[in-house]
Amino acid sequence: MVLVHGGLWEDMDAERFWVRPGVVAGLAAAGVGVFAPDRLPRPDSWSAEVRHLLPLLPEDPVTLVGGSNGCSVAARLAVENPHRVLRLVLAWPATAGNPRVDAWTRKQGAPEDMLAGETLRGLTDAELAGLRMPVSVLPAPGGPFHQRHTADALLRLIPGAAELPSSPEPPRPEFTPDGLVGTLAGLCP
């Protein structure tokens, strides 16, 4: 399982998003082979993120879990390289096209092109609808950055997409790894 952390042009890495909150250790304890690489810290495009991540992946197809803005990277990778993705999990998908959220992200310095997209930044809805691997969507409980309507739109757009139980996202203080670890471990063959 490959975990793609969230964040976009902010101080975020795999250590803060997946390791410290206990997700990596929990999955490893459950017998899941897990890898959580760092994304590019200040990318100029979603394609640049895919070019960075792709050579880090194992050769065999993986279960790819994107968290928050990491959903855009994971989905972009799945669209461009479907043979490398066995299963895609979109956890706490970041809401695109929200003026408040986009204004905050612009203040971080993110290029306009990285804010573009339809339901998810960096992708068209037609690209998402064309995904053919199993896709699961894990909604966030709410908030401006991870709005419920984003998860609902993904569930409608992607053929056969399944909803997973909601949870707060890491590294929020109310996040606990147990439910998420159990859910993700249950997706592994």
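None of the figures in this text is laboratory data; all of them are computed from the coordinates on show. What you see is a predicted model; the values in this text were computed from it and never measured. For neighbour counting, all protein chains shown are included, and Cβ atoms are generated from backbone atoms with ideal geometry for every residue, glycine included.
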For a quick check: with amide H placed at 1.01 Å from N, whose amide H comes under 5 Å from residue 85's, ignoring anything fewer than 5 positions away on the same chain? 62
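Compute the relative contact order of the range 2-185 as a whole-number percentage, counting only Cα pairs closer than 8 Å that sit 6 or more residues apart in sequence. Write out the running numbers ahead of the final one.
Working: 373 pairs, mean separation 40.7, N = 184.
Over the range 2-185, the number comes to 22 percent.
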Assertion target for 72, 47, 136, 166, ordered by fewest C-beta neighbours within 10 angstrom first, is 47, 166, 136, 72
Could you work out how far apart the two model spin labels at residue 20 and residue 129 are, taking each label as a point 7 Å from the Cα in the direction of the beta carbon, and quote it in nm? 4.1 nm
How would you rank 112-122, 34-44, highest first, on the average number of other Cβ atoms within 10 Å across their residues? 112-122, 34-44
For every helix of n ≥ 4 consecutive DSSP H residues, a contribution of -39,500 (n - 2.57) applies; sum these over the chain, divide by its total residues, and give [θ] at 222 nm rounded to the nearest 500 deg cm²/dmol. -9000 deg cm²/dmol
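Roughly speaking, what is the stretch gain from residue 38 to residue 13, that is 0.36 nm per residue apart minus the C-alpha to C-alpha distance, in nm to one decimal? If you can, show how the numbers build up before the last one.
Values: separation 25, 0.36 × 25 = 9.00 nm, distance 0.56 nm.
8.4 nm is the gain from fully extending residue 38 to residue 13.
Between residue 188 and residue 106, what FRET efficiency comes out of the Förster formula 1/(1 + (r/R0)^6) with R0 = 35 Å and r the beta carbon distance, rounded to 0.05? Write down the numbers at each step before the final one.
Values: r = 38 Å, r/R0 = 1.08.
Efficiency, from the Cβ-Cβ distance: 0.40.
Among 92, 104, which comes first, second and so on when ranked by fewest other beta-carbon atoms within 10 Å? Provide the component values of the computation, followed by the final result.
Values: 92 28, 104 15.
So the residues, fewest neighbours to most, are 104, 92.
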For the chain, max minus min Cα coordinate along each principal axis, in Å, sorted largest first? 41, 35, 31
Among 135, 147, 189, the residue whose Cα sits farthest towards the positive end of the charge dipole of the chain, when +1 is placed on the Cβ of each Lys and Arg and -1 on the Cβ of each Asp and Glu, is 147
Cα→Cβ-extended label distance, 7 Å offset, between residue 51 and residue 174, nm: 4.0 nm
Fewest Cβ neighbours within 10 Å first, please rank 178, 60 accordingly. 60, 178
Please report how far the C-alpha centroid of the range 1-56 lies from that of the range 145-189, rounded to the nearest whole angstrom. 16 Å
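Among DSSP beta bridges lying fully in the range 39-186, give the percent that are antiparallel, nearest 5. Please report the intermediate quantities before stating the final value.
Working: 1 of 13 bridges.
In the range 39-186, approximately 10 percent of DSSP beta bridges are antiparallel ones.
Once R0 is set to 35 Å, what does the formula 1/(1 + (r/R0)^6) return for the Cβ-Cβ distance between residue 59 and residue 149, expressed as a FRET efficiency to the nearest 0.05?
Between residue 59 and residue 149 the formula returns 0.40.
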